[in-house]
Number of protein chains: 2
Amino acid sequence: MEVYNFGAGPATMPKQVIQQIRKDLPSYQGSGMSIMEISHRSKIFEEIIGTAEKDLRELLKIPNNYQVLFFQGGCTQQFTAAPLNLGKKYHRIALLDSGHWATRAGIEARLVGMDVDVLASSKESNYTKLPIIKKKPADTYDYLHITTNNTIEGTAYSKLPDVGKLTLVGDMSSNFLGQQYNINDFGEVMAGAQKNLGIAGLTIVIVRNDLLSNNENLPSMLDYQVFAKNKSMFNTPPVFAIYVAGLVLKWVKSQGGLVEMEKRNQTKSNLLYDFLDHSELFTAPVIKSDRSLTNVVFITGNQKVDQDLISQAASKGLLNIKGHRLVGGMRASLYNSMPLTGVERLVDFLEKFEKNQRGRS
Amino acid sequence: MEVYNFGAGPATMPKQVIQQIRKDLPSYQGSGMSIMEISHRSKIFEEIIGTAEKDLRELLKIPNNYQVLFFQGGCTQQFTAAPLNLGKKYHRIALLDSGHWATRAGIEARLVGMDVDVLASSKESNYTKLPIIKKKPADTYDYLHITTNNTIEGTAYSKLPDVGKLTLVGDMSSNFLGQQYNINDFGEVMAGAQKNLGIAGLTIVIVRNDLLSNNENLPSMLDYQVFAKNKSMFNTPPVFAIYVAGLVLKWVKSQGGLVEMEKRNQTKSNLLYDFLDHSELFTAPVIKSDRSLTNVVFITGNQKVDQDLISQAASKGLLNIKGHRLVGGMRASLYNSMPLTGVERLVDFLEKFEKNQRGRS
């Protein structure tokens, strides 16, 4: 059965990328070895990581005064690394509390001794909108942390908040490569790969040179300077994850880059939101201006109906539309690799489900 | 051309594992999704990580009072995590300086505020033997760190040093699953996956329960307690790397487990050492009692000859026998996946090369 995977991550990947990976096994480019067996110090891998960085720079228009670093693990580790590297003047960072991942970033920053001020929160509205800064923030923060797309709550910044002269750090994990931002607006961008850039186990950090300084007392694996100096190869990097990211970046380029990705994500999410807004059974709780293009959250208000819906959808190959365990309801993740057809099928299914429900009541 | 990859890591993998990975693409067990696209919260992945842990426990005879944790990244990160988690009473750890990776572990421990005492070093003998503790170590260390197999220098502990009541922490990266140890002799074992357990980006930590305690002020990604409580899924784990590790563990079991692995590694390394010890051109500098079964280091003493040898070997499909950039010469890594045939071919080649050299001089 053909399936559409609406999971939030690890998520669906481009079919062409999966095919290429298969094609490259067991011998990568006639080397007699698979990519998993190749040394990170080899010419083959230098070419792979070099091209991945070049393509990423091109797609995101990353200015030359920014480093592109390939880290192991996920963004949670960067919630520790960012304050350690950037929080050196005031030991004080600001946060916009837009939900779970922003909160987590604050917790980890406090664990490494930072003062964390929540400048605004949308907790009271159950995170169905983005927090709004009411007054100009003080200058005495090392940076302000935001989550550009809130995977769990289904909100996203289409327009960045005005933070004055403050350095902005953006956790872009779930709309990285899926929505256009100006890298110049950020001091640092962090993004886990398992949404739009391939597989879990790799996180990209894009950081402005002037924010790097010698951190002689930081653990090497958390030190941006060490990663910059060693071109992300202080120790063995996650070779396979970087190879997959390289293939995904080539695919994004071949499809028309970020302009096209954003356009498609807009089309896909519009289709779904439009249906939800006209539905009597379903509600999309997020306010229109703050809706995510990639994670569409919706509810019926009835847990039993939700469960029925989720399992019926699965039986039709529409997988993983269950909302995050923290918020319940449903969520459809429409990352770059989700084709329009998948969303059309989902809307079609939801429509029929709604009709059947009406017939019952 | 059939090749044999003697690289130190990322290293050769079992052919059956590569074939299985290929077979599992693009649809894992009829799910319609590849393993790379499957949620870490899914039943499918729970089964994978659960079975991997079970097989690892069985193969290594890991007692029930030890946790098995799956971490992102390599052992360098554990050089930070181990002192933060275990170095809480004395903030003082002991080290046996057996070479590069032991030294690195000491550096990272100091970076997080530990006092590090080198109890013994074999630096003066250029690390061609293991360091020997001359007197009983003090009790006032949180633990003693050793590198069970020194990938770069080609030494390994066949018998562990007598450390009295001290807790032993072993970096077992390059002979994990390749040589038998009693886990009970260690308080903690750490091992990067990219030698004998699959691909880079995953590190196994085996740690005794009584060494865990609430570390409320540690960053989550470095906190053993957080990983233990969350079954290594506090955040998204490296799904693909864990899946590959699971396949490798199944392969090790099917081949006869660690008894058989060690026997094979003994046979392979004996064959090579025996040739080297009888050669006039080559020398194996490590003393016999301390030789690694998995990383065989050898030299000619002539850089020009070394270079010729390395490139001639490569042209015959005997790849990556160049020594580590820090020590030069040659190194053949004979991990579990290296078949005896590969070593026979290498010895055969070295023999012919030596004859040709003799003809020239």
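Only the coordinates and a few stated rules stand behind these numbers; no lab work does. Bear in mind the structure is a predicted one, so any value in this text is a computation, not a measurement. Every residue, glycine among them, receives a Cβ derived from its backbone with ideal geometry; neighbour counts consider all protein chains shown.
See the values below:
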quantity	calculated
Charged-residue dipole, Cβ positions (Lys, Arg, Asp, Glu), chain B about Cα centre, Debye nearest 20	300
Partner chain coverage, peptide A:71-83 - average Cβ within 10 angstrom	5
Farthest positive-ward along the protein assembly as shown dipole, Cα basis, beta-carbon charges - from B:S98, B:N150, A:A284	A:A284
Order of A:T283, A:T12 - criterion: other Cβ atoms within 10 Å of each residue's Cβ, fewest first	A:T283, A:T12
Shielding by partners - mean other protein chain Cβ count within 10 Å, residues of A:35-45	6
Cβ-based net charge around B:N265, under 13 Å, with every Lys or Arg adding one and every Asp or Glu removing one	+3
DSSP bridge pairs, chain A: antiparallel proportion in percent, nearest 5	55
Efficiency of FRET from Cβ geometry, B:K89 and A:K134, R₀ 51 Å, rounded to 0.05	0.60
Cα-Cα pairs of region B:15-254 separated by more than 24 Å (percent)	45
Protection proxy ranking of A:73-84, A:227-238 - average other beta-carbon atoms within 10 Å, highest first	A:73-84, A:227-238
Set A:K123/B:K229; A:K231/B:K88; B:K136/B:K268; B:K123/B:K322; A:K15/A:K355; A:K61/A:K253 screened for pairs whose C-alpha atoms are more than 24 Å apart	A:K123/B:K229; A:K231/B:K88; B:K136/B:K268; A:K15/A:K355
GNM result for chain A, Cα springs below 10 Å: residue of A:G187, A:G30, A:G50 fluctuating most strongly	A:G30
Per-residue mean of C-beta atoms belonging to partner chains within 10 Å, peptide B:219-231	3
Lys, Arg +1 and Asp, Glu -1 on Cβ, resulting dipole of region A:209-315 about Cα centre, debye, nearest 20	440
Selected from B:S337, B:S174, B:S122 as most flexible by GNM, with chain B as the system and alpha-carbon contacts under 10 Å	B:S122
Stretch gain in nm, segment B:V259-B:K316, where the contour uses 0.36 nm per residue and the Cα spacing is subtracted	17.3 nm
Longest DSSP-loop-exposure-free segment, GluC sites (Glu not before Pro), chain A, at most 16 other Cβ within 10 Å	A:3-215
Label-to-label distance, nm, for residues given as A:K231 and A:K355 (7 Å Cα→Cβ offset)	5.9
Around A:V327: net Lys/Arg minus Asp/Glu count, Cβ-Cβ under 13 Å	+2
Net dipole in debye of the protein assembly as shown [+1 Lys, Arg Cβ; -1 Asp, Glu Cβ; about Cα centre; nearest 20]	520
Label point 7 Å beyond Cα along the C-beta direction, distances from A:K231 to other copies (nm, shortest first)	4.2
Label-point gap, in nm, between B:S125 and B:Q19 - each point 7 angstrom along Cα→Cβ	4.5
Computed Rg/Rh of region B:256-360, alpha carbon atoms with Kirkwood Rh	0.96
Top of A:A138, A:A102, A:A245 by mean-square fluctuation, Gaussian network on chain A, Cα under 10 Å	A:A138
Debye log10 I(q)/I(0) at q = 0.11, 0.15, 0.16, 0.18 Å⁻¹ for region A:138-217, Cα point scatterers	-0.31, -0.57, -0.64, -0.79
Residue-averaged [θ]222 nm for chain B, counting only DSSP H segments that reach four residues, each worth -39500 (n - 2.57)	-11500 deg cm²/dmol
Per-residue Cβ neighbour rank within 10 angstrom, fewest leading, B:H40, B:H145	B:H40, B:H145
